[in-house]
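Asker: Okay, here's the structure, questions in a sec.
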Amino acid sequence: MAANNRRMSGKKGAQVGSGGQRRRGLEGKGPTPAAEMRKGHAKQRAAAAKSRRAQGRPQQRRGGGRTSSELVVGRNPVVEALREGVPATTLYVQQFIDNDERVREALQLAAERGGINLMEAPRPELDRMTNGLNHQGLVLQVPPYEYAHPEDLAQAAYDEGEDPLIVALDGVTDPRNLGAVVRSVSAFGGHGVVVPERRAAGMTAGAWKTSAGTAARTPVARATNLTRALEAYKKAGMVVVGLAADGDVELGDLAALESPVVIVVGSEGKGLSRLVGDTCDFRVRIPMPGGAESLNAGVAAGIVLYETARRRA
C-alpha cells in the first residue's frame, strides 16, 4: 500500500537541469576558422592534396591511348597542314603529276622540316589509299596522336610549383573547336585539355591546324569516363567549374578561379550533360549584354582562361 501511495503521489522529484548547455549556447563560438581548416571547402581539399603529395607522389600514369593514323588529301589541304606544322610521316606524290606551285611548295616544306618520307606512287595506289577521294596527286600521312592520362596534367602543374588550370570538353565534336581550346590554353598558361574517349573531337589534322602549332606543347588527355575523371580531380583538391548559360554564379564573382581548377565546357547546342553538370562544384555563366544565347566552346574557354590568368597574375 505504501508503494501505491508513492506512485500516486503528486509530489515532484528532482528536476534534471540543462547542465549549463543553454548558457553556453548563448556564448559566441569564436572566430571563423580559416578556409584551409573548414571541412569540404575547396581550399581545404587543396591543402589536403598538397599534404598527400608531400608524403610521396605516385608515379605518373601514362597511356591515354592513341588514335589511328590519318590521311590529309588534296593539294591545298596538304600544303596548309605542312605550313601549320601538323605532324607527318610520309608525303605521297603521284607519278607524272603536274608540277604546279602547290606541289612544289609541298615538296619544299616537307624537305625543310625533315623527317618526312617522300614516296612516289601511281594514281591507282593513291585512289586505293584514299578510298577514291579527289587527292589531286598529294596525300599526307599524319601519325597517331599519343594522348596523356588525365592525372598527368595536374601532376605536371604541381611539379612546376603551379596551381593546375585544365579545360575539359563535354560533348564537343568539332575538331576545330578542340584546336581553338588548345590554342587558348597555351596562350593563358593552362596545363592541358581533357576530352572524352567517345562522342568527342580528337586530335585530328584539323585540330592540329586550328591550334596553330600550340598542340606540340600543350598536352591533350583522353578520359574513358569524363565524370569519373572530374571526380578524381575533385578528390585531388581541385575545383570543377562548369560553364552554363543558366549558371548560378557570374564569372566575375567566382573566387574559385584562383584555386587549382578544372573548367568544363559543353557543346554549343546542348551544353553540359546532366552527369557532368551534377559533378561540377559551380555552374558559372558568362555575362553577355549583347543578348547572344551561347558561345562556341573555343570562345567560351578563352574568356574564362583570360579571367583566370588575370587573377593569378
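Asker: Applying the selection to the range 88-115, what residues are among the small types (Gly, Ala, Ser) and either over 19 Å from LEU133 (Cβ atoms) or over 32 Å from the mean Cα position of the chain (by Cα) (or both)?
Answerer: Scanning the range 88-115 gives ALA106, ALA110, ALA111, GLY114, GLY115.
Results for (1) open to solvent by 50 Å² or more (accessible area, probe 1.4 Å); (2) under 15 Å from ALA154 (Cα atoms); (3) at pLDDT 95 or above, shown as yes or no for each residue.
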site: GLY202; (1), (2), (3): no, no, no
site: LYS209; (1), (2), (3): yes, no, no
site: GLY213; (1), (2), (3): no, no, no
site: VAL220; (1), (2), (3): no, yes, yes
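Asker: Does the range 80-139 hold any residues that are open to solvent by 60 Å² or more (accessible area, probe 1.4 Å) and in a strand (DSSP E or B), and which are they?
Answerer: ASN117, LEU118, MET119, GLU120, listed by residue number.
Asker: A further question on this structure: Run GLY277 past the list (1) out of contact with any helix residue (DSSP H, G or I) (no Cβ under 9 Å at 6 or more places or on another chain); (2) open to solvent by less than 70 Å² (accessible area, probe 1.4 Å); (3) more than 22 Å from GLY171 (Cα to Cα); (4) modelled with pLDDT of 90 or more and report the number of the one that doesn't hold.
Answerer: (3)
Asker: Continuing with the same structure: Is there a residue in the range 300-313 that is open to solvent by 70 Å² or more (accessible area, probe 1.4 Å) and not in a helix (DSSP H, G or I)?
Answerer: yes
Asker: Kindly evaluate GLY237 against the criterion of being in contact (Cβ under 8 Å) with a residue 24 or more places away in the chain, more than 19 Å from SER267 (Cα to Cα), open to solvent by less than 30 Å² (accessible area, probe 1.4 Å) and in a loop (DSSP other than H, G, I, E, B).
Answerer: yes
Asker: Within 14 Å of GLU84 (Cα to Cα) and open to solvent by 30 Å² or more (accessible area, probe 1.4 Å) - does that describe any residue in the range 182-200?
Answerer: The answer is yes; a qualifying residue exists.
Asker: Scan the range 62-78 and give yes if some residue there is out of contact with any Lys or Arg (no Cβ under 6 Å at 6 or more places or on another chain), at pLDDT below 65, within 26 Å of PRO150 (Cβ to Cβ) and open to solvent by 80 Å² or more (accessible area, probe 1.4 Å), otherwise no.
Answerer: Yes, the range 62-78 contains at least one residue that is out of contact with any Lys or Arg (no Cβ under 6 Å at 6 or more places or on another chain), at pLDDT below 65, within 26 Å of PRO150 (Cβ to Cβ) and open to solvent by 80 Å² or more (accessible area, probe 1.4 Å).
Asker: Out of everything in the range 93-114 that is of a type outside the set (A, V, I, L, M) and touching a helix residue (DSSP H, G or I) at 6+ places or on another chain (Cβ under 6 Å), what residue ends up being farthest from VAL73 (Cα to Cα)?
Answerer: Filtering the range 93-114 for residues that are of a type outside the set (A, V, I, L, M) and touching a helix residue (DSSP H, G or I) at 6+ places or on another chain (Cβ under 6 Å), the one farthest from VAL73 (Cα to Cα) comes out as GLU105.
Asker: For the range 140-168, how many residues are more than 23 Å from GLU307 (Cβ to Cβ), of a type in the set (A, V, I, L, M) and open to solvent by 10 Å² or more (accessible area, probe 1.4 Å)?
Answerer: Adding up the residues that qualify gives 1.
Asker: Starting from the range 70-87, keep only residues that are within 16 Å of MET129 (Cα to Cα) and touching a residue at least 40 places away in the same chain (Cβ under 8 Å), then list their pairs with residues that are open to solvent by less than 40 Å² (accessible area, probe 1.4 Å) and not aliphatic (A, V, I, L, M) whose Cβ atoms are within a distance under 7 Å, requiring at least 6 positions of separation or different chains.
Answerer: Close Cβ pairs satisfying both conditions: LEU71/THR130; VAL73/THR130; VAL73/HIS135; GLY74/HIS135.
Asker: Applying the selection to the range 240-269, what residues are part of a helix (DSSP H, G or I), aliphatic (A, V, I, L, M) and in contact (Cβ under 8 Å) with a residue 12 or more places away in the chain?
Answerer: Within the range 240-269, LEU251, ALA256, LEU257 meet the criteria.
Asker: Also, I was wondering about something else. In this structure, does ASN177 turn out to be open to solvent by 50 Å² or more (accessible area, probe 1.4 Å) and either out of contact with any His (no Cβ under 7 Å at 6 or more places or on another chain) or of a type in the set (Phe, Trp, Tyr) (or both)?
Answerer: no
Asker: Select, from ASN225, ASN296, the only residue that is free of Cβ contacts under 8 Å to residues at least 40 places away in the same chain and under 17 Å from the mean Cα position of the chain (by Cα).
Answerer: Matching residue, one of ASN225, ASN296: ASN225.
Asker: Considering only the range 87-115, state which residues are of a type in the set (A, V, I, L, M) and farther than 19 Å from GLY206 by Cβ.
Answerer: Residues satisfying the conditions are VAL93, ILE97, VAL103, LEU107, ALA110, ALA111.
The values are calculated or read from the model by the stated rules, or taken from the named source; none is laboratory data. All of these numbers come straight from a predicted model, not from anything done at the bench. Quick reminder, even Gly has a Cβ in these numbers, built from the backbone with ideal geometry, and neighbours come from all protein chains shown. The area values use the complete protein model at the heavy-atom level, side chains included, leaving out ligands, DNA and RNA. Shrake-Rupley method; radii C 1.70, N 1.55, O 1.52, S 1.80 Å.
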